[in-house]
Every structure is written in structure tokens, then in C-alpha cells.
Amino acid sequence: MASLIQLLVSGLATGAIYALIAVGFTLLWQTSQTINFAQGEFVMLPAFFVLATMNLGAPLWFAALVGIAVSVIVLGLLFKFIVVDPMLRYGVLPLVISTIALSILLKESVKDFYSSQAQPFPALVPPTDIHILGAVVSTQSLAVLGVAIITVAMLHVLLNKTRLGRSMQATAQNPALARILGISVQRMVLYTFLINAALVAIASILISPIYLAKFTNGETLGMTAFVAAIIGGFNQVRGAILGGVLLGVLDNLSAAYLSSQYRAAFPLLILIAVILFRPQGLLGRIEERTV
Amino acid sequence: MNRLAVAMFAMAAIFSVAAPFMLKPFGIYLISMWAVLTVAAIGLNLTLGYAGQVSLAQGAFVGIGAYTAALLTQAGCPFVLAFLAAGLLTFAIGWLLGYPALRVQHHYLAFVTLAFTTLVFLLLRNEQWLTNGIYGINGIARPAFFAWSTAKPLNFYFFCLGTLVVLSLATWWMLRSPWGRAFVALRENPTRAASLGIDTRRYTLMAFAIGSSLGGLAGALYAPLVQFIEPGSFALNLSFNLLLMVIVGGSGYFFGPFVGALVAVLLPEWMRVAESYYLIVYATLIMVMMAFCPSGLLGLMERLLQAAARRGQLTPALHAKKAAQ
């Protein structure tokens, strides 16, 4: 029982990180039909921005802010203008290929210009253990969970309670009508790219203390984020959150109770099952797009 | 234009036969690898270029084919049978995978096939009793046909080249048949194809399964070429590389995979100077190409030739105009 609670908490923590990545993924898809195959590498990279800043002598909190800012510029602004915009007129396929190439580019760049070794990454809070109901829960898991929940809550408020968020939803649901209503569709699309960049940067800072910062981290993360998005329903932010959390918990439980060798296989089997039996995802609706 | 194509084709044919005599063993190994990868890329081109579906499973099919051939030949089965078994098995698996996977399109399919590739990698790595796990399979023998042994690099190259020629002729024939034309119809306009009574799902499935089986056949050649196989060779990287080959060459062009595989095999060798930066340069080139010419090198060539032809037609008219003035 105690170990189950432990596994659940650490599962929820990793699940919350997956959810952040998956939410960014679905946001890009909804507003601009961009399938970002490099999303995993987008999560891998900001940790190195932070590490590079810390190498200059900056404290962690400042380096984290710099990391997020650089990510928003590089993975949001530059990504949209240099990679996505020239490609959109050709349709989905060339963009898929291009983001695959981008993922190789980012991975190899980190390997060649920073290090091919896994880098230790400082934790947000000093790692101590708290005893709850006989289970040992690390403060790190709780901190990850806390930051992720705050991030999602802020995103929720932004999307649903502000004029800007409503404009973004309108853009996702019906770009033509949004334009008629005087919403600058291009600007709204740009905002989703910036939000995605901020989300992956936060996810990166949360996950790197656990997995260490390594150039290959993106491979599994990108896949997991996509699986989470599909499981929850590709067109729903709520779906992506549910999918991410579900995957995190299942991942930890299956590694502990079923087979650690095939740990990576379970999300994929779930993916195939969902596509077979419920292609629109658990929360998704068919042929509809909402934020 | 047509005469140019024939001339280029003849030159390529002469080169592919004559080149190995002038190359060192490593050079022969490289062009043998080109022939093997071309077979796999032709298969992917059927799925991607003709049926219009992004598949990231081709590397896994090459792996399944390679392991099938290696395990069967080591169990004493003749190579020809192992080769056919690899083709049949990957056809069957391709059909089984395609059946659910083709319910979803494009990017969804890309991720489902990506999942499949990862699953195959995990199986190859973890099922040690069958695949010997991470240690791989060593000392895979090259086949002999009656008195003709392919143990020498040169002989094995001609064996690969011959297989490539036979398989590409078969694909060519298939694409010219009403059947193959239905594949193209799927890509160009699925709705219209369906309205003309083409069972789109069936044909897409068929294209996918045949493409997978070409991947399996390429794998059956890969195993005796490298003579050592391990799960890592067939991980996601190979699938990405094969996809990029098809795109770089020009997806939907019959000779696209030939050109793309050549670039993918030779470029790393030419860029030895750049060493590990090679992949960075390669990835950047692909992104630039996608932005300016998504139809690949052959598409680029076609565009340049058309532009040249147009200029050629214009010039006499301009001269006449000048003369009149």
C-alpha cells in the first residue's frame, strides 16, 4: 500500500510533466495544423539553456527565467517564422518532414556543442523525503506537481477567462469567422507558438532533475506527449491533460508491477488500442476543434 | 527531355556496373549498401509517394526481414527460401499493421508507425532466446548459388544490384498496371478515386503491405551484407533515414529512392571533414529543401529542365522579333 502511494505520487508528477508537453502539442495543432515532431527535442533543449546560463555564474531561479525567455524566442518565435511559416503553403507533409529534420538538428547540436554526456541538473527544492501514511514521498515530486498544476491553472484562466484567450479559441474553432470579427488570426497563432515554447521550457526544468539533461531525452518524451494527446483526444486541452497524467501513472505502475523491460511498450500498446477502438480519444469529439 | 532521361539512365547503368571494378572493398561495400537501401526506399516510396501515407515503420520492416533471413539461414535454410520468407512475413505484418493504422491518416499514421518501430526494437532487444538481445547475431553467411559464391564483396555487390534491378522492374510493371494507377489516384484525389469505384482502403492497404515487404526483402540482403545485425541498427534512426531518402530523392518519382539512397550513403563519406557535424548539415539541408523545393532533387531537376525548355522556346521568338525591328 505504502509503495503504491509512492508510485502514484511519482506517477502523477511525471504525468503532470507529460501533460504540459501534450497541451502545447495540441495547441499548435488546433491553431495552425502544425504537427511538431520535434516536440520532444523542444523539451530537451531548454534545460541546456538553463545550464549554460548557470555556467556563467547565475543562480538557478535566474537561469530558469533566462532559459524560459530564450526558449520562447528560439522555440516559439524563430520556430514559427523560420521553420513553420515558409512550409504551411505546402500542406502537412513537408512540415512533418521538416520538424523531423529539426529534431535531428537540435539533438546533434546539443551533442556537438554542449556535451554527449548526461548532465546533472539542479532540483527546484532540496530533495528530502516526507512521510505520509507510511509512504515516503519526495519533496521533488510534490514540487513538480505543484508547478505543473499552477501552470495548467494559469493556462486555463488565460484561455477561458480573458478576452485574449477567447480570441485564441475562436481562431482555433473557425479562423475565417474569427477574422471577420476583427481578431488578428496571425497574431493569435503566434501566441500559441509562444505558449507552447513556455510550456516545454517549464516541462524541461521540471523533468531534467529526474532524468538528467541529455541530448537523447527528447526521443521518448515527444512520443509520450503525442500518445497522451491521442489518448485524451487530439482536439482537447483537457484531453491532453488527462492523457498525460494517465500515462505517467500507468508508466510507473507497469514498470513496478508488470515488466520493466517492456516499460516503454505500454504507452504504445495503449495508443494502438485507442486508435482502434476510440480514434477520437477519450474526451475528443469527432471532426470538431475547440481549445 | 526524354532523350536526356535515356542518356542519364544509360550512364547510371554503365556506372553501376563498371564502378565496383575501380573501387576498394569499402567502396564496394558502400555501393552494395546503396543497392540494399534503395530496395527499402522503393518500398517506402510506394507507401509515401504513391499512396500518400507517411510511414515511419520501414526501418522496422528492414529489421524484421534481416532477423528472419539471418535466423533462418543460420538454422540451415537455403538463402532463397529465407529471402522469400522475409518478404512474405513482412507483407503479412504490414497488412496486419496497416489494417488498424490506415483508419487514421498522415500524421496520425506517422506516429502509429513510429510506435510500431519502437515496439519492434523492444522485442528484438528483449527476446534474447530468439534474437540474442543486444549482442546481436554474428557471422551471417553470404549465400552461394550453385558454383557462384557471393562471399567476395564484388560478387555480393552484383547479387544486390541484380536483386535491385529485378525488384524495381517488378515495381515498375506494377505501377504501370491498372492496379498501380489506382495507387496514384489515391494520392491525387481520394474522393474522386472512391467515386470511380476504387476501394481506397483496400488499395492503400495493399500499397502499404507491398511497401513493407520490399523493406523486408531489403533486410534479407542487409543481413548477409553487413554479416552482423543488432537491434540498434533498426531503431527509429533507420526509419527516419529511409523517409528522408525518399523525400530527398523526390517522393512519387520512380527514380527518387535511387537518388535519395545515393545521397544518404555518399554524403557522410564526402563530408568526413565535417565529422560529427555532418548530421547537423544534413538536417539543415533537408529543412531548406522542404522550404523551397518539397518535391526533392528530381522535382528540382524537373523544374530546372522545364525552365530551360521554356527559355529555349522563347529565344528564337525573341531573335525573330529583334530581326524584324
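Only the coordinates and a few stated rules stand behind these numbers; no lab work does. What you are looking at is a predicted structure, and each value in this text was computed from that prediction instead of being measured. As a convention, Cβ positions derive from the backbone with ideal geometry for all residues, glycine included, and neighbour counts pool all protein chains shown.
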Ratio of region B:130-289's C-alpha Rg to 2.2 N^0.38 Å, to two decimals? 1.24
Amide H to amide H, which residues 5 or more places from A:SER138 or on other chains are under 5 Å from it, using H placed in the peptide plane? A:ILE130
Taking the Cα centre of region A:39-146 as the origin and placing charges on Cβ (Lys, Arg +1; Asp, Glu -1), which of A:LEU45, A:HIS131, A:ALA63 is farthest toward the positive end of the dipole? A:LEU45
Normalising by the residue count of region A:22-218, find the relative contact order in percent from Cα pairs under 8 Å and 6+ residues apart. 41
Ratio of the Cα radius of gyration of chain B to 2.2 N^0.38 Å, where N counts its residues: 1.07
Shape of region B:85-200, Cα gyration tensor, a/c cut at 1.5: oblate
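Nearest 20 debye, what's the magnitude of the dipole of region A:22-218 about its Cα centre given +1 on Lys and Arg Cβ and -1 on Asp and Glu Cβ?
It comes to approximately 620 debye.
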Highest mean first, how do B:198-211, B:76-89 rank when packing is the count of other Cβ atoms within 10 Å averaged over residues? B:198-211, B:76-89
Which whole number gives the average, over all residues in B:115-122, of C-beta atoms from other chains lying within 10 Å of the residue C-beta? 5
Residues whose built amide H sits under 5 Å from the amide H of B:LEU56, excluding neighbours closer than 5 in sequence, are B:THR113, B:LEU114
Please report Rg (one decimal) and Dmax (integer) in Å for the Cα set of region B:1-107. 17.7, 51
Taking chain B and counting helices only, DSSP H stretches of n ≥ 4 at -39,500 (n - 2.57) each over all residues, the nearest-500 ellipticity at 222 nm comes to -25500 deg cm²/dmol
Could you work out [θ]222 nm for chain A from helices alone, using -39500 (n - 2.57) per DSSP H run of at least four and dividing by all its residues? Round to the nearest 500 deg cm²/dmol. -23000 deg cm²/dmol
Debye log10 I(q)/I(0) for region A:117-185, one point scatterer per Cα, at q = 0.28 Å⁻¹: -1.11
Could you give me the radius of gyration and the Dmax of the protein assembly as shown, taking only the C-alpha atoms into account and expressing both in angstrom? 26.0, 101
For region B:25-294, with +1 on Lys and Arg beta carbons and -1 on Asp and Glu, the positive-most of B:ALA261, B:TYR29, B:ALA193 along the dipole: B:ALA193
Show me the ranking of peptides B:40-51, B:129-140 by mean Cβ neighbours inside 10 Å, starting with the highest. B:40-51, B:129-140
Shielding by partners for A:82-95, please: the mean number of other protein chain Cβ atoms within 10 Å of each residue's Cβ. 4
D for region A:22-218, whole µm²/s, Stokes-Einstein with Kirkwood Rh over alpha-carbon pairs at 37 °C and 0.692 mPa s: what number? 183
Quick calc, the protein assembly as shown, dipole around Cα centre from Cβ unit charges on Lys, Arg (+) and Asp, Glu (-), nearest 20 debye, gives 1720
Phi angles of region A:208-217, converted by Karplus (6.51 cos²θ - 1.76 cosθ + 1.60, θ = phi - 60°) into ³J(HN,Hα) in whole Hz with x for Gly and Pro, give 5, x, 7, 9, 6, 8, 9, 5, 8, 4
Expressed as a whole number of Å, what is the distance separating the alpha-carbon centroids of region A:235-284 and region A:107-158? 21
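How crowded by other chains is B:290-297, given as the mean number of beta carbons from other chains within 10 Å of each beta carbon? Could the numbers behind the result be given before it?
Numbers: counts 14, 9, 1, 2, 9, 2, 0, 0.
Partner Cβ neighbours, averaged per residue: 5.
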